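The values are calculated or read from the model by the stated rules, or taken from the named source; none is laboratory data. No experiment lies behind these values; they were computed from the predicted model shown. With ideal geometry, Cβ positions are generated from the backbone for all residues, glycine too; neighbour counts draw on all protein chains shown.
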Amino acid sequence: MNIQKFTHQFRNISVLILIFFLASFNAQADKPDKYSFEFLDLGFVADCGDFSVMDDAYIILDNKDFYDKKGNYVRSHLHFTAFDDLYNDAYPDGIHLTGTAHMNALVSFDKNGDPLWTQQGIAIKIIVPGYGPLFLDVGRLVWNDATGDLIFSAGKRHDWNFGEFDALCDYLDQD
């Protein structure tokens, strides 16, 4: 048998196996519940002495909840889009720093039944001109949502150090 014919047959068999697998999965699960909502998260970010840095974050959440055939919850897939707007609260019409973040999350359960939170993507991204991307979290995190224990971490994480906040305060200082 020549390699081209073998590759073609292997591909056809693989596609058939995949079709049977997907058909059996569909027969075992109900359609997911889908919903979206938007909200504004107004929050304090940093104390800069004479002023505070505030964040008006507009967040869009798209969610899918998955259930088995018996109606039992299995997992959720979430997609967050956040539009951050940081500013000096003493001069709300002054300089603003904006950032956009896109993050996917999966809520599932481990073998013990504990809830797991897995997130990947850009969780936060604020670039301070002259300083660069000081507030940037990108990569993948997995933690036990019941205990708060971090299980896995990969990617770039800022550490919320004072140097990042000093740069943010310096940039937004209007005096």
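If you filter the stretch 91-122 down to residues that are within 21 Å of Tyr171 (Cβ to Cβ) and crowded, with 18+ Cβ neighbours inside 10 Å, you find that the one that is modelled with the highest pLDDT is Leu97.
Pairs, please: C-beta under 6 Å, at least 6 apart or cross-chain, first residue closer than 12 Å to Val53 by Cα and outside the structural domain of Glu38 (by TED's automatic domain parsing) and in the stretch 77-90, second assigned to a loop (DSSP other than H, G, I, E, B) and not charged (D, E, K, R)? Note: no pairs meet the criteria. Would the stretch 43-54 turn up any residue that is touching a Gly at 6+ places or on another chain (Cβ under 9 Å) and surrounded by 11 or more Cβ atoms within 10 Å (Cβ to Cβ)? Within the stretch 43-54, one or more residues are touching a Gly at 6+ places or on another chain (Cβ under 9 Å) and surrounded by 11 or more Cβ atoms within 10 Å (Cβ to Cβ).
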